[in-house]
1. Based on a Kirkwood Rh over C-alpha pairs, give the Stokes-Einstein translational diffusion coefficient of chain A at 20 °C and viscosity 1.002 mPa s in µm²/s.
2. With r as the distance between the Cβ atoms of residue A:167 and residue A:99 and R0 = 25 Å, compute the FRET efficiency 1/(1 + (r/R0)^6) and round to 0.05.
3. Using every Cα-Cα pair within the range A:56-163, state what percent have a distance larger than 19 Å.
4. In whole angstrom, note down how far apart the Cα centers of the range B:392-419 and the range A:84-137 are.
5. Over all distinct alpha-carbon pairs, what is the Kirkwood Rh of the range A:5-49 in angstrom?
6. If the label point is 7 Å along Cα→Cβ of residue B:202, which residues in the range B:224-251 have backbone nitrogen under 18 Å from it?
7. When the expected Rg is taken as 2.2 N^0.38 Å, what fraction or multiple of it is the alpha-carbon Rg of the range B:315-417?
8. When the Kirkwood radius is taken over all Cα pairs of the range B:484-630, what Stokes-Einstein diffusion coefficient follows at 4 °C and 1.567 mPa s, in µm²/s?
């Protein structure tokens, strides 16, 4: 690890100011950034910790929308969203292990946009909004490919809003080593239609499987998608799974999520 | 009723108190005043010509004491190989140089090019980034068969090819084997890969070199399973330090699985640099470095043929194996695919004709060496897989075909040069079938089917050669070391004992089990016996711990030394009781004369030995301390039968192990709880190999599975609750304890059971799948189902 400065502001304004400095980078729970720095693959000059900003923490639900502060840990979401949005809370409860869940934050996860992370599927599947210090970004516009988002340099996720569906479920098929999603599918049944978001599988990162969404919107049952398939050509391939295998799993996991969502 | 002390008691492990409360003293816990830190600059290409290593900028970086390169080691010896193999033509193997720091070429990702020693670790690492490397990348030698083709790029330019040796075992068997296969009723052939594994002990390697100028003595603190072996290899072959000026200390060792047997370049470097710089030099491996520098395991590609008669009796076995050596020959690398593998190809069966051919190949990968089981898992896996395939092809029950071919009379001389002293393979088979509830399978399969899951079961037996090894025999086979073990038993004046042994624990529980043996022999409390190990300065020359040898060989040395102690103590007791020594009996810590009321306590005899006021000084030296070296007459042959039941998810290919039964014959058992723990650990490791673990390189020689993000270690929820039994006991006939060794059995016996079970599940559900290469990841199983 290279030397760096650590600042721990208590307000969003102070954090944004600190982030305007040279080579400054926000630090959430550090579950990706710190190991990367230990390997000397990242060398930020200043880390701006979000964990001291009270306004960026917490979970609240009203009017069919769940709002989660950007510095809220997965463990907190798992507990505090359990009654208002059980599908999302269950997803958060199964990210990594207890150590990861007690440090990793939703803002950190969404800003990093790891192609095998769970939260991108949760947000894209739910539909909602990423709230930053300067604007609001629709979930459908936020994810822009592997490790790429609509965030600008120095922009900080202060909160995330999820549209709470009538029913939802997330099915993660774990990569055997990392236990990230080899394929993860978040299915959300809203009053105006079904959303299906897939993580772990595509070379383009998280995506909506629109064909399945249409089929499920008219018939919310596993049978509705049994004849559908995802094109393997855009899927990732590695030692843990071929593109064909991942494409197959998208269908299987979607069916299981629909069944579990009821 | 189970015993509560001594041999056969499940005495709780005394060392666990410190391990579990953070009080263990591992090598990295040692910090010497004034120590410097080394960071190794390692190759990031698999194969390359070193044109220049520019160190001037690094040398002037803050805190840097010195930057070493391969040039600094030109007058220094290379890392030696401990076993010379003779090939089919009678020629010695090709043996390349292995410099401490790379000279001329780099040969695998991770090969050390330069070493920066600085006041802090961060300074060393910062400075290493200032080294200017000029390396011309060369084509990487990755595929073993391609490596042996004419015109293939060579890993070592001064060798004639990438072939280390082409070994035939036993060459004289070859013609009869070929003939038996040609004329057989049925021949089953199987091609398979025994994949490359990374040992991954919990504690990464550490080395600290220290030099005392006042006495011209060097000390190496290191994470080693065998400090005396390191002292011998490093002192005699690398650095030229006589053993009386070199001390090697391995304190608590946090797992090894074989990977800490070997002498590594970093050990030699730290010892060398400490003397050059006149300050202690410390290296602590990162986990990333461990992946690319700890010797890897397995990596065999094998074709096996099994010939049978019409009744399913085995007629002949012929194998051809390509064994990956990696870029250099690690300490025992050459013996693993040969004498630790070929000698076990008979398995538990009386096959009359066996021929094993092994081609050992250099490649641009991390060196490969012994890993839990070392050669024996490779033998067991191919044999038990091909038997399973043969049974299926011939329509014979998998239990029946094994029973039909079991060796049942002992001693049994195999066609591959070893003699099994004892065993009862039907007994362990019966026990395995019982504890696995073999007959209840159909009902469980029906339950699985209701959940949409495919249940399958796999069975296999295994045998291993442990208690390594008779020195004269292994000497004839090319070993450059003896494989005896030693013990000094020192009785103190107040009756307590200190046992100094060349065996060394890296988690096995020696500090508990060894005292059980000695306490039983004397009839005293186990707490009166202390085990000292891991330091060449205070233990007799010994060969360390691997090959499930510590109790069978090291324990035997302790028994011999304790027998000498008892014999002398009886003479002292006889003097005190004014009786003849041959009339003295020792029981429960009391010496007595049969038929009289005379007795004297153990403690009084010990005191008399050191305070010899009333003592036969004219006949007997004072003191009570004895040493024994024990060289085994034969290997020991633990054996058993394992049964695995799996559920396969047909939608995803995911395998879940539902039940696993292991019935082992370890001979006599000193501590059943420790034995059970060893089996559990071995099973987890074998299941890890079968389902999860796999070291992967790409074609350019980059290590793809270089971290736990891609190298899948077994976790608690990957393994079932095991049914383990070791009540079938045929004691070893040639060591004093009748013990055989239990450390590797689980890892040897379990992979074929798992693969047999998965293939069975697929076959029962109409999939014509005869083999899947490990690890049986969901992706591979799904591909096999849909292939």
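1. Approximately 116 µm²/s, per Stokes-Einstein.
2. My answer for the efficiency is 0.20.
3. Every Cα pair in the range A:56-163 considered, those over 19 Å come to 34 percent.
4. Each part's Cα centre sits 58 Å from the other's.
5. 10.7
6. B:224-225, B:251
7. 1.20
8. 83
Every number here is computed from the coordinates shown, using simple stated rules; none is lab data. From a predicted model like this one, the values you see are computed outputs, not experimental measurements. A quick note on method: Cβ atoms are made from the backbone with ideal geometry, for glycine too, and the neighbour counts reach across all protein chains shown.
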